[in-house]
Amino acid sequence: MAGDGTVQLIDEKGKRVDGRDLDELRPLSIKIGVLKNADGSAEIRMGKNIIVAAVYGPRELHPKHRALPDRALIQCFYRMATFSVNDRKSPAPSRREKEISMILADSLSSVVLTEKYPRTAIDVYMQVLQADGGTRCASLIAASVALADAGVPMRGIVSSVAAGLINDKVALDLYDLEDQKGSGDMPLAYAPTLDEISLLQLDGIFTIDQFEESLDLAVKGAKEIFEIQKNALKQKYTDIRADVKEVPKAEAKEVPKAEAKEVPKAEAKEEPKA
Ligand code: CDP
């Protein structure tokens, strides 16, 4: 929720409270394949935000009457851990979490080739472990690469970041203090390879010039984040290749021919017919 914009958030040198320039992103890192049990997963650290995204599916949808006859249903579950914010968050899903889940599902549905998997569900869980503003954008960044990690076919990768107003100036990637004390917040989701916007929200009052400047800045930020997403995906395959090369030859031994005997016919019994 945007504030009234009266708190000084930019110093005389034009630096923000956390030392960033107005058009600078927070430090961002993405790790792919962090969960063994998920079909695809990613962990994102964006400033102090820590979020894990896990993808399951395409898989059977329950209850079945919710299935879509011509495409897969993307279900998002954005949740904040009770310990992720200063005041303990109730573990029950809040209205805010349900709304964010819905808009994130809409954004991801715009790039996933859902028509390839009719009557199925693709479930995307996003668990916020530590929140510091911009968690919906960070969740979307992680979910998008987790879908790619799961091998879900997509037309493009969704990237996401917010721009907003602090002391009447347009700034990129607001963190919690700027979100609360600034006067406007505009989260955006953008797929750079498609040049498509799949989420645009706005909180606060922007002039037309400020809106256009915010939009341009958020698109520029999303393009920067997209490069980090691509590199994280490439890194996973570089790591796998390094692991494969490191297997010592002695471990990868061939079965001697004498041991690889044929199974005697008597042992290879047929299952009795019912
Ligand atoms: O996180 P995002 O900016 O997408 O959503 P928001 O509703 O604008 O929330 C901004 C920030 O407020 C979150 O990132 C959290 O740091 C904080 N917050 C909180 O402290 N307690 C909550 N129950 C919800 C949000």
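Can you tell me how many residues in the stretch 24-50 are in a loop (DSSP other than H, G, I, E, B) and surrounded by fewer than 14 Cβ atoms within 10 Å (Cβ to Cβ)?
Of the residues in the stretch 24-50, the ones in a loop (DSSP other than H, G, I, E, B) are 24-27, 33-39, 47-48.
Checking which are surrounded by fewer than 14 Cβ atoms within 10 Å (Cβ to Cβ) leaves us with 27, 36-37.
Counting residues in the stretch 24-50 that are in a loop (DSSP other than H, G, I, E, B) and surrounded by fewer than 14 Cβ atoms within 10 Å (Cβ to Cβ) gives 3.
Give the residue that is nearest to D21 (Cα to Cα), with candidates limited to residues of the stretch 175-198 that are surrounded by fewer than 23 Cβ atoms within 10 Å (Cβ to Cβ) and of a type in the set (A, V, I, L, M). Looking at the filtered set, the residue picked out is L177.
Would you mind stating whether L177 is modelled with pLDDT of 95 or more and part of a strand (DSSP E or B)? Talk me through it step by step, then tell me what you get.
Values: modelled with pLDDT of 95 or more: yes; part of a strand (DSSP E or B): no.
No.
Residues in the stretch 11-36 that are in contact (Cβ under 8 Å) with a residue 24 or more places away in the chain and β-branched (V, I, T) were compared, and the one that is nearest to D176 (Cα to Cα) is V17.
Reported count of residues in the stretch 110-155, each being closer than 24 Å to I50 by Cα and of a type outside the set (V, I, T), is 24. Taken over the stretch 116-133, the criterion of being within 17 Å of D39 (Cα to Cα) and buried (at least 21 other Cβ atoms within 10 Å of the Cβ) is satisfied by I122, V124, Y125, M126.
Please pick out the residue among S41, S84, S107 that is within 16 Å of the ligand (Cβ to nearest atom), in contact (Cβ under 8 Å) with a residue 60 or more places away in the chain and among the small types (G, A, S). Break it down into steps so the answer makes sense when it comes.
Details: S41 fails: within 16 Å of the ligand (Cβ to nearest atom); S84 fails: in contact (Cβ under 8 Å) with a residue 60 or more places away in the chain.
The match here is S107.
crowded, with 21+ Cβ neighbours inside 10 Å and away from the ligand (no atom under 16 Å from the Cβ): does that describe Q229? Criteria met by Q229.
For G14, the stated conditions do not hold, so it cannot be described as away from the ligand (no atom under 16 Å from the Cβ), part of a strand (DSSP E or B) and over 13 Å from the mean Cα position of the chain (by Cα).
State yes or no: is L68 of a type in the set (A, V, I, L, M) and more than 19 Å from the chain's Cα centre (by Cα)? Yes; evaluated as a whole, the condition is true for this residue. Among the residues that make up the stretch 203-212, is at least one of them within 12 Å of the ligand (Cβ to nearest atom) and assigned to a strand (DSSP E or B)? The answer is yes, given that some residue of the stretch 203-212 is within 12 Å of the ligand (Cβ to nearest atom) and assigned to a strand (DSSP E or B). Residues being surrounded by 17 or more Cβ atoms within 10 Å (Cβ to Cβ), within 16 Å of the ligand (Cβ to nearest atom) and outside any loop (DSSP other than H, G, I, E, B) are entirely absent from the stretch 57-67.
Per the conditions (1) in a strand (DSSP E or B); (2) within 12 Å of the ligand (Cβ to nearest atom); (3) basic (K, R), the sole criterion not satisfied by K89 is (1).
Considering only residues of the stretch 134-174 that are assigned to a loop (DSSP other than H, G, I, E, B) and within 15 Å of the chain's Cα centre (by Cα), which is surrounded by the fewest Cβ atoms within 10 Å (Cβ to Cβ)?
Pass one, the stretch 134-174, residues assigned to a loop (DSSP other than H, G, I, E, B): 134, 150-153, 155-158, 167-168, 173-174.
The next check asks that each one be within 15 Å of the chain's Cα centre (by Cα); those that pass are 134, 150-152, 156-158.
Values: G134: 25, A150: 20, G151: 10, V152: 24, G156: 18, I157: 20, V158: 30.
Of everything passing the filter in the stretch 134-174, G151 is surrounded by the fewest Cβ atoms within 10 Å (Cβ to Cβ).
The values are calculated or read from the model by the stated rules, or taken from the named source; none is laboratory data. Values in this document were obtained by computation on a predicted structure and should not be read as measured data. Heads up, the Cβs are rebuilt from the backbone with ideal geometry, glycines too, and the neighbour counts pull from every protein chain shown.
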